[in-house]
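What follows is a short report on a single structure.
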Amino acid sequence: MKRKRTSARRPGRRAARTRRTMIVPVRPAVPPPAVNHPEPYVSVIIPAMNEATTIAAVIAGARGVHSRCEVIVIVNGSADRTADIARSSGANVIMYEQPLGHDVGRSVGAAAAKGEILLFTDGDLVIPASQLRPFVTAVSSGADIALNDYSGPVRSRFPHPVVLSKHALNLLLGRPDLKGCSLTAVPHAINRRTLNVLGSGLLSRPPLAHAQAVLDGLLVTAVHNVPVGKMNAARRKMSGNDPLQQVILTDHLDAVAMVLERRGGRAGFGDGTRRREIVR
């Protein structure tokens with residue numbers, strides 16, 4: 001006698017047929033286009049001198065800070081392929097055969113920038129976009145100047161004179177909360193209002209630009225720490241001296257003179273308990 005076939009199928013076979021693995025394609029992250037935006041919101045300014053080994057990575061990090069971004073590379077005094085690599089990475093390259101001098105590239109880049117926010121970094125510092133965006137975000141949210149929250153090493157027995165100068169200038173400005181943070185260190189960002197107040201030329205002397213910004217009531221804040229002290233290559237010393245140290249210290253002294261000229265001989269601080277009237 002033949003066995004009657006029923007419409008019911010064995011549970012195991014049904015499960016085997018219905019249990020299928022769905023493969024969902026994963027879209028790869030789309031890198032930002034290697035071209036400057038025609039109407040940039042953020043201008044990233046990168047002075048560079050003989051930075052062929054790092055400039056492509058520096059530009060790649062810079063491009064990720066905003067969808068409407070332009071990258072400006074000021075190549076000065078370079079004897080390598082820095083300019084060629086920067087151009088092939090889509091940057092606007094401003095070229096000078098001779099070195100411009102310390103921080104002059106910042107002024108040149110700022111004068112050429114089209115964005116509402118100007119972000120400054122250096123051609124030898126490979127910083128990912130995630131570590132640069134906080135500066136752009138802070139300025140977008142209302143800050144005039146967003147500083148690197150980096151004060152430099154202060155716990156050594158003999159702190160570096162430049163570090164001491166930064167702390168002293170902020171104390172004199174009545175901004176002890178900033179400690180050693182200033183426009184001297186990158187990365188930092190400013191808005192176009194700040195550029196209009198300070199002028200692009202003053203940006204090549206960061207301590208003076210920093211002092212004027214505070215004196216003029218601009219909103220200056222330290223927003224994010226990028227440990228550039230560990231990232232910076234050691235500069236070659238001449239006769240045991242840092243060739244830039246005196247330049248930076250002189251800028252700080254001139255910034256102090258600016259504060260005293262604007263606020264008076266005691267920079268706006270009182271005399272405490274001194275009774276000068278009884279001194280003959």
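Roughly how big is segment 115-184's charge dipole about its Cα centre, with Cβ charges of +1 (Lys, Arg) and -1 (Asp, Glu), in debye to the nearest 20?
My answer is approximately 380 debye.
So how far apart, in nm, are the two label points at Glu39 and Gln98 if each is 7 Å from Cα heading toward Cβ?
Going by the 7 Å Cα→Cβ label model, 4.1 nm.
Below 8 Å between Cα atoms, with a sequence gap of 6+, how large is the relative contact order for segment 43-143 in percent?
40
Sorted by accessible area with a 1.4 angstrom probe, largest first, how do Phe158, Phe135, Phe269 fall?
The ordering from most to least exposed comes out as Phe158, Phe269, Phe135.
Considering only protein heavy atoms, with the full assembly of protein chains and a 1.4 angstrom probe, order Ser140, Ser107 by accessible area, largest first. Could you put the intermediate results ahead of the total?
Details: Ser140 65, Ser107 15 Å².
Per-residue accessible area, sorted high to low, gives Ser140, Ser107.
In nm, to one decimal, how far is the modelled label at Arg87 from the one at Asp242, with both set 7 Å along Cα→Cβ?
Modelled inter-label distance: 3.5 nm.
At a 1.4 Å probe, what is the % contribution of carbon and sulfur to the accessible area of segment 81-136?
Carbon with sulfur: 50 percent of the solvent-accessible area.
Summarise the accessible area of segment 148-280 (1.4 Å probe, protein heavy atoms) by the percent that is carbon and sulfur.
On the way: 4180 of 7770 Å².
Result for segment 148-280: 54 percent of the exposed heavy-atom area is carbon or sulfur.
So, for segment 131-280, what is the accessible surface per residue at a probe of 1.4 Å, expressed in square angstrom?
Per-residue value: 55 Å².
If the chain between Ala79 and Glu261 were fully stretched, how many nm would it gain, using 0.36 nm times the residue separation less the Cα-Cα distance? Intermediate results must be reported in sequence, preceding the final value.
Numbers: separation 182, 0.36 × 182 = 65.52 nm, distance 4.27 nm.
The Ala79-Glu261 span can extend by a further 61.3 nm.
Heavy-atom accessible area of Leu253 with all protein chains present, probe 1.4 Å, nearest 10 Å²?
Ignoring ligands and nucleic acids, Leu253 comes out at about 120 Å².
Hey, if we sort Val71, Val104 by accessible area with the 1.4 Å probe, largest down, what's the order? Intermediate results must be reported in sequence, preceding the final value.
Details: Val71 0, Val104 45 Å².
Heavy-atom accessible area, descending, gives Val104, Val71.
The values are calculated or read from the model by the stated rules, or taken from the named source; none is laboratory data. Note that the coordinates shown come from a computational prediction; the quantities given were computed from them, not determined experimentally. Counting neighbours? That spans all protein chains shown, and the Cβs are built from the backbone with ideal geometry, glycine included. With ligands, DNA and RNA removed, areas are computed over all heavy atoms of the protein, side chains included. Shrake-Rupley method; radii C 1.70, N 1.55, O 1.52, S 1.80 Å.
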